[in-house]
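Structure record follows, encoded as structure tokens.
The values are calculated or read from the model by the stated rules, or taken from the named source; none is laboratory data. Only a predicted model underlies this, so the values are computations on that prediction, with no experimental measurement involved. Here Cβ is always computed from backbone atoms with ideal geometry, including for glycine, and neighbour counts include all displayed protein chains.
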Protein chains: 2
Amino acid sequence: MRLVIARCRVDYRGRLTAHLPSATRLILLKADGSVSIHADDRAYKPLNWMSPPCTIEEAPGVWRVCNPAGEQLVIELEEILHDSRHELGTDPGLTKDGVEAHLQELLADNPHALEDGLRLLQREYPTAIGPVDLLCRDAMGRTVAVEVKRVAELDGVEQLSRYLELLNRDPLLAPVRGILAARQFRPQARVLALDRGITCVAVDYEALRGLDDPSSRLF
Amino acid sequence: MRLVIARCRVDYRGRLTAHLPSATRLILLKADGSVSIHADDRAYKPLNWMSPPCTIEEAPGVWRVCNPAGEQLVIELEEILHDSRHELGTDPGLTKDGVEAHLQELLADNPHALEDGLRLLQREYPTAIGPVDLLCRDAMGRTVAVEVKRVAELDGVEQLSRYLELLNRDPLLAPVRGILAARQFRPQARVLALDRGITCVAVDYEALRGLDDPSSRLF
DNA sequence: AGCTGAATGTCGAGG
DNA sequence: CCTCGACGTTCAGCT
């Protein structure tokens, strides 16, 4: 990793055109070949960047970064204030917990948390337009399609609606109703779901993780 | 801006839970108060970060970054290899030249590029659920709603479908058919559009820009 | 390699 | 403040 603090001007020509006038910035060159230009704000987002694979051509005062698609990032260096290199090695990487995949897993193990008497038929039940997260049967023996989201938005309702339309064409499953399960609901999604006869169930992730039997885990 | 290269472990507890085992990384502290942890890969994206507003509590060997929502980023510093500060000043910012809004503009000027005899009635035609990109009339005098996308995906078809349903309730406009115009089509979007009786038209941006009369431009 | 859906998306406009 | 849609989205997972 190379860290350069420099007064510079930057031009990007690619999917769009962008220009940065002269100012002092951080130029971050990573071992993966990426280049990013940071100001002292905008949180972690750089002003401009080039993702790998790309080649860097270093002429005195001008760095030209090109990628195979023909996009170009041209950095004109007016004054270099700092320049250091550091060996970081490969990173062991990030372990995440609490995303949609994990939520789906917990609900597959505890469908009754969505509704009393709900039993899992199949997880990732395949259809022509994609897999249904959870296919279940309720206490009355009726088929239920469950779509799991971290945050339920309009898209999620549309998606579940498409699944329901398709599943209801299958005489072995019909009639099928829908449950949209999420940690958080956008009001518009709630309204549209109601209009479509889809049940919204707010999921408490922490409580659900508590429900999951710890003794059944090996770690 | 403060640049720290250090061997560290990181824990995040917030919207989800994440952990980074011990490794050497860049810790980037910006003047806006943000903190981001970078490995030597993943292009410009940090492994973990905290956006402002947040407070940094520096104890020896442990930095605790907290935001008002109660999210926490805990950095355990095992060895500091580099630590430097730099005055950058405020950045004049980025000037962009968009490609996307342009597409709608070009099609508004050249509706015949979508279909022979197509004429523009109104751009951004307002409806209760949002503006229709282009409202047109075809060679047969029939109303046509055009949705413009850079890349047409499923939600673009859904969006146009909702518009069509609404527009067809207006006796002055009905019957209204739909055209989905895009530079690129996802296969599923094409299938769903066909099923809904929506016409897909692939748009060649470069050619369209060529169509646009250069003499009518001042630059 | 191409396509699809998720994301601590981020970002900006509009109510 | 929240909601919604676009993005040079990026990214991982799967066909």
*asked:* Condition first: over 23 Å from B:ALA207 (Cβ atoms) and within 16 Å of DNA strand D (Cβ to nearest atom). Can you find one or more residues in region B:144-151 that meet it?
replied: yes
*Considering each of A:LEU180, A:LEU192, A:LEU172, A:LEU208 in turn, give the residue that is farther than 22 Å from B:ASP155 by Cα, surrounded by 15 or more Cβ atoms within 10 Å (Cβ to Cβ) and among the aliphatic types (A, V, I, L, M).*
A:LEU208
*For region A:60-126, which strands (runs of 3 or more DSSP E) that fit wholly inside it have 1 or more residues that are closer than 30 Å to A:ILE198 by Cβ, within 16 Å of DNA strand C (Cβ to nearest atom) and within 14 Å of chain B (Cβ to nearest Cβ)?*
A:95-97
_Out of the residues in region A:32-59 meeting the condition of being within 16 Å of DNA strand C (Cβ to nearest atom) and of a type in the set (Ser, Thr, Tyr), tell me which one is nearest to B:PRO46 (Cα to Cα)._
A:TYR44
*asked:* When you scan region A:21-34, do you find a residue that is of a type in the set (S, T, N, Q), more than 8 Å from every other protein chain (Cβ to nearest Cβ) and in a loop (DSSP other than H, G, I, E, B), even just one?
replied: no
_Hits in region B:1-15 - residues which are more than 7 Å from chain A (Cβ to nearest Cβ) and in a strand (DSSP E or B)_ = B:ARG2, B:VAL4, B:ALA6, B:ARG7, B:CYS8, B:ARG9, B:VAL10, B:ASP11, B:TYR12, B:ARG13
*Report, by residue number, each residue of region B:9-31 that is more than 14 Å from A:LEU94 (Cα to Cα) and either away from DNA strand C (no atom under 14 Å from the Cβ) or not assigned by TED's automatic domain parsing to the domain that holds B:TRP63 (or both).*
B:LEU26, B:LEU29, B:ALA31
*Just checking, which of A:ALA18, A:ALA39 is of a type in the set (A, V, I, L, M), under 24 Å from B:LEU29 (Cβ atoms) and within 9 Å of chain B (Cβ to nearest Cβ)?*
A:ALA39
_From the options A:GLU71, A:GLU105, residue that is in the same structural domain as A:ARG162 (by TED's automatic domain parsing) and within 13 Å of DNA strand D (Cβ to nearest atom)_ = A:GLU105
*Tally the residues that are in contact with a Leu (Cβ under 7 Å, 6 or more places away or on another chain) and surrounded by 12 or more Cβ atoms within 10 Å (Cβ to Cβ), restricting the search to region A:105-131.*
15
*asked:* List the residue pairs whose Cβ atoms are under 6 Å apart, where the first residue sits in region B:148-177 and is under 15 Å from B:TYR125 (Cα atoms), the second is within 11 Å of DNA strand C (Cβ to nearest atom), and the two are 6 or more positions apart or on different chains.
replied: none
*Give B:GLY89, B:GLY130 a once-over and let me know the one that is modelled with pLDDT under 90 and within 27 Å of the chain's Cα centre (by Cα).*
B:GLY130
*Kindly indicate the residue of region A:35-57 that is more than 24 Å from B:GLU87 (Cβ to Cβ) and part of a strand (DSSP E or B) and also nearest to the chain's Cα centre (by Cα) among those meeting that condition.*
A:MET50
*Sort out which residues of region B:103-125 are free of Cβ contacts under 8 Å to residues at least 24 places away in the same chain and more than 15 Å from B:VAL176 (Cα to Cα), and write them in order of number.*
B:GLU105, B:HIS112, B:ASP116, B:GLY117, B:ARG123, B:GLU124
